[in-house]
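First up is the structure itself, then whatever we jot down about it.
FYI, it's all coordinate maths here, none of it is from the lab. Only a predicted model underlies this, so the values are computations on that prediction, with no experimental measurement involved. Here the Cβ positions follow ideal geometry from the backbone for every residue, glycine too, while neighbour counts run over all protein chains shown.
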Amino acid sequence: MIDIDNLLSTLSEPAFATWRTTLPDQIASAYSADQHGDFNKWQSVIQALPTVSTSSNRLDKDTLVFGQPEESTTQQKRHIESLLHKLHPWRKGPYQIHGVSIDTEWRSDLKWKRLCKAIAPLKNRLVLDVGCGNGYHCWRMLGAGAKAVIGIDPTLISVMQFNAVKHFAGEYPVYVLPMGVEDIPHGLASFDTVFSMGLLYHRRSPLDHLHELKGLLRCGGELVLETLVIEGGPGQILLPEGRYAKMRNVWFIPSPPTLASWLQRCGFKNIQLVNVSTTTTEEQRSTDWMTFQSLSDFLDPNDSNRTCEGLPAPRRAIFLAQT
């Protein structure tokens, strides 16, 4: 599923030498029924995808486009749509594959619009996207000129969705690996830009996560950090006693000034808050491609400013910081 030779070639710098020796076994271990009981089912979906001639892809569009509608027959489109639905739930997107529109839970293009003009240009950069899901933003990073993009995510269904998209996309220097940041050797100091979006609040030790990210960046590299925040001043943090918006694994939600102080304490420089926005049901909602509960089910039905637990509704901030 992953072109190991091209991947290892992408990671050719001496700093990656240790990881290059362990990476093939890491990937092979993750791609197995031992890791997830549905692996064989998902693998059969990938293998059944038809081979369709693709004349052009668009990596610079809000809806990522792979192939043109006229390049496949009506029967092929129905077959593609049926197979891709078997990889439900589709969280990040949107995509269009040979005329098949995948309307994902998240309008991930809206997040990209909030950050793409603020970050350092990605042209010729080696990029790491931590917790990348099915790789929507990895494709956008490549479309913005990145030399190569490595995405990592331990959720195997998301990685299989990326593999399905790449089946139609063809060969590009973009990879989504089935692993977490803890599976990468610490202190590589080799990526030009590292993204961590929608991940920090899931970490029991957010400062350890920030240190991990800093250790992956080269000197002068940029961290793009997107996470939940609360309104408030320095030192203010929300630590949910139970669930937050029905999520079990939410730990620390800081105010923007508190998060800025965390970044500074971890040794980052040139810290910038570039956006704070309230998550709306335009950006996150249930669709035919993600039929489970979504944002509207997580909020107080009588007060959209509160979660169903009575906590502040989701607000998200984007920070930039350099090493």
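Over all other residues within a Cβ to Cβ distance under 12 Å of SER296, the charged ones net out to -3, with Lys and Arg as +1 and Asp and Glu as -1. By DSSP, the beta bridges lying fully in the chain are antiparallel in about 55 percent of cases. Ranking of LEU83, LEU225 by neighbouring Cβ atoms within 10 Å, starting from the fewest: LEU83, LEU225. For segment 8-105, the equivalent ellipsoid derived from the alpha-carbon gyration tensor has semi-axes of 30, 20, 13 Å in decreasing order. Across the chain the C-alpha pair distances fall into 20 Å bins from zero in the proportions 31, 60, 9 percent.
For segment 131-170 versus segment 1-56, the spacing of their alpha-carbon centroids is 12 Å.
Ignoring trypsin sites (Lys or Arg not before Pro) that are buried or in helix or strand per DSSP, and keeping those with at most 11 other beta carbon atoms within 10 Å, what is the longest stretch of the chain between them? Result for the longest clean stretch: 1-116.
Ordered by the count of other Cβ atoms within 10 Å of each Cβ, fewest first, TRP112, TRP139 give TRP112, TRP139.
The length gained on full extension between HIS211 and ALA33, counted as 0.36 nm times the residue separation minus their Cα-Cα distance, comes to 60.8 nm. Annotation: segment 33-192 has a Kirkwood hydrodynamic radius of 16.3 angstrom, from the mean reciprocal C-alpha pair distance. The charge dipole of the chain, taken about its Cα centre with unit charges on the Cβ atoms of Lys, Arg (+1), Asp and Glu (-1) only, comes to about 580 debye. Considering only alpha-carbon pairs that sit under 8 angstrom and 6 or more positions apart, the relative contact order computed for segment 51-121 is 27 percent. Ranked from largest, the principal axis spans of the Cα set of segment 192-323 equal 47, 34, 24 Å. Placing a label point 7 Å from the Cα of ASN6 along the Cα-to-Cβ direction, no residue of segment 75-110 has a backbone N closer than 17 Å.
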